[in-house]
Amino acid sequence: MSTNTLTQWGIDTTHSEITFKVKHLVISTVTGKFKQFDASVETDNEDFENARIAFEAAIDSIDTGNEDRDNHLKSDDFFNAVEYPSLSFVSDSFTKVGDGLYRLTGDLTIRGNTRKVELDAEYGGTVVDPYGNTKAGFEVSGKINRKEFGLTWSAVTEAGNIVVSDDVKLNLNVQFTKN
């Protein structure tokens, strides 16, 4: 007889952020975030080993601090928010690789293109907040190649430098609430 207990966790969007960084003109970095997102975690027992994780972000909520740039990112040159209103991730595995460290592997879908990605996750701990809610925190990071997901717009400067790097750094600081 199994002693596993299925536990559901929902994201606390007030205490979470989904950000990305990409090199611009090779000399500086542009940082952006998704302001609307949802995520869930399903675990067996009380630990997160082999957790099942799902995530979705609304493309229309992209924010880089510049409206013109945001509109360009939402256009067909990049995300095409009209045809592909969200990006999503579904995990295949969440494996402990060290003390508080995990490897998160799964399928990331952007603009209708699904690719396997590996991300690093650092477990920040689990606590009970002042209202009696059990919370767990993670910082997830990794890098993807935007062109593998159909984000192929490119330009070069007069000197031959690329305008936008192909590599995009992802950083998710997330807090989940036990349901």
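The values are calculated or read from the model by the stated rules, or taken from the named source; none is laboratory data. Here the structure is a predicted model, which is why all the values come from computation and not from measurement. Counting neighbours? That spans all protein chains shown, and the Cβs are built from the backbone with ideal geometry, glycine included.
Name the residue, out of Thr31, Thr19, Thr14, that is outside any strand (DSSP E or B) and either at pLDDT 80 or above or touching a Gly at 6+ places or on another chain (Cβ under 6 Å) (or both). Step through it out loud before you land on a result.
Values: Thr31 fails: outside any strand (DSSP E or B); Thr19 fails: outside any strand (DSSP E or B).
Unique residue meeting the criteria: Thr14.
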* To do: Working only within the stretch 24-47, note down all residues that are under 14 Å from the mean Cα position of the chain (by Cα) and within 18 Å of Arg146 (Cβ to Cβ).
  => Thr31, Gly32, Lys33, Phe34
* Structure fact -> Sole miss for Phe78 among (1) farther than 24 Å from Arg52 by Cβ; (2) touching a residue at least 24 places away in the same chain (Cβ under 8 Å); (3) touching a strand residue (DSSP E or B) at 6+ places or on another chain (Cβ under 7 Å) is condition (3)
* Structure fact -> By residue number, the members of the stretch 36-71 that are in a loop (DSSP other than H, G, I, E, B) and loosely packed, with under 14 Cβ neighbours inside 10 Å are Asn45, Glu46, Asp47, Glu49, Gly65, Asn66
* Asked: Among all residue pairs at least 6 apart or on different chains, which show Cβ distances below 7 Å where the first residue, located in the stretch 49-67, is in contact (Cβ under 8 Å) with a residue 24 or more places away in the chain and the second is among the hydrophobic types (A, V, I, L, M, F, W, C) and loosely packed, with under 15 Cβ neighbours inside 10 Å?
  -> Ala54/Val90
* Asked: Limited to the stretch 150-179, what total is found for residues that are at pLDDT 90 or above and not in a strand (DSSP E or B)?
  -> 1
* Residue list for the stretch 23-53, filter: within 21 Å of Leu170 (Cβ to Cβ) and in contact with an Asp or Glu (Cβ under 9 Å, 6 or more places away or on another chain) -> Lys23, Gly32, Lys33, Phe34, Lys35, Gln36, Phe37, Asp38, Ala39, Ala51, Arg52, Ile53
* Return the residue satisfying two criteria in turn: it lies in the stretch 88-136 and is of a type in the set (Lys, Arg) and not in a loop (DSSP other than H, G, I, E, B), and of such residues it is surrounded by the fewest Cβ atoms within 10 Å (Cβ to Cβ). => Lys116
